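Have a look at the structure below, then the notes.
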Amino acid sequence: METRVFTCIRCPMGCELTATINDNGVITVKGNACIRGEQYARKELTSPLRVLTTTVRVIGGTQAMVPVRTKGDIPKEKIMDGIRQLKQIQVKAPIQIGEVIVENLVNTGIAVIATKTVQKRA
């Protein structure tokens, strides 16, 4: 039997969750104030996912970097691979908010989008 204690990040309540997996793989969750806490704990124990947020270099823009994020969750174990892939990328200005920067980050099927508009330098 394995027990893990962690803080839920799915809502502002920040519940302290205690999740236990017994020998049969059954998961019990305690400490959650809402259903999202239980869902979060189960996901954390079986297949943790995260949204990746970072920046990408801009060529010819009014700003040197544009903030980006994945359009959906990616497996937690692929976060560093995603950061390495994005570190190699440079995009040309202008860039519009919501514009797809990478179609398929580290073969997850998840796109990376700009979260800010960057104008072309005059």
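Derivation of every value follows stated rules applied to the coordinates shown; laboratory data play no part. Every value quoted in this text rests on a predicted model; they were computed, and no experiment measured them. No Cβ is skipped: glycine too gets one built from the backbone with ideal geometry, and neighbour counts run over all protein chains shown.
Below are the figures for this structure:
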{"item": "Distance from the stretch 1-33 to the stretch 43-122 (C-alpha centre basis), Å", "result": "30"}
{"item": "Antiparallel bridges, percent of DSSP beta bridges restricted to the chain (to nearest 5)", "result": "90"}
{"item": "Reach of Lys71 by Cα under 13 Å, taken over aspartates and glutamates that are not fewer than 8 positions away in the same chain", "result": "Glu99, Glu103"}
{"item": "Dipole of the chain, positive end: most advanced residue of Cys34, Ile101, Asn22 [Cβ charges, Cα centre]", "result": "Ile101"}
{"item": "Label-point separation in nm, Gln63 to Arg84, each point 7 Å along Cα→Cβ", "result": "2.8"}
{"item": "Share antiparallel - DSSP beta bridges, the stretch 53-114, percent rounded to 5", "result": "75"}
{"item": "Pairs from Lys30/Lys76; Lys30/Lys78; Lys92/Lys116; Lys78/Lys120 whose Cα-Cα separation, in the structure shown, is over 21 Å", "result": "Lys30/Lys76; Lys30/Lys78; Lys78/Lys120"}
{"item": "The chain - convex hull of the alpha-carbon atoms, volume per residue in Å³", "result": "115"}
{"item": "The stretch 2-46 - Debye-derived log10 I(q)/I(0), Cα point model, q = 0.14, 0.24, 0.32 Å⁻¹", "result": "-0.26, -0.72, -1.20"}
{"item": "HN-Hα J in Hz across the stretch 106-122 - Karplus 6.51, -1.76, 1.60, θ = phi - 60°, x for Gly and Pro", "result": "6, 6, 8, x, 9, 7, 10, 10, 6, 10, 8, 7, 10, 7, 6, 5, 6"}
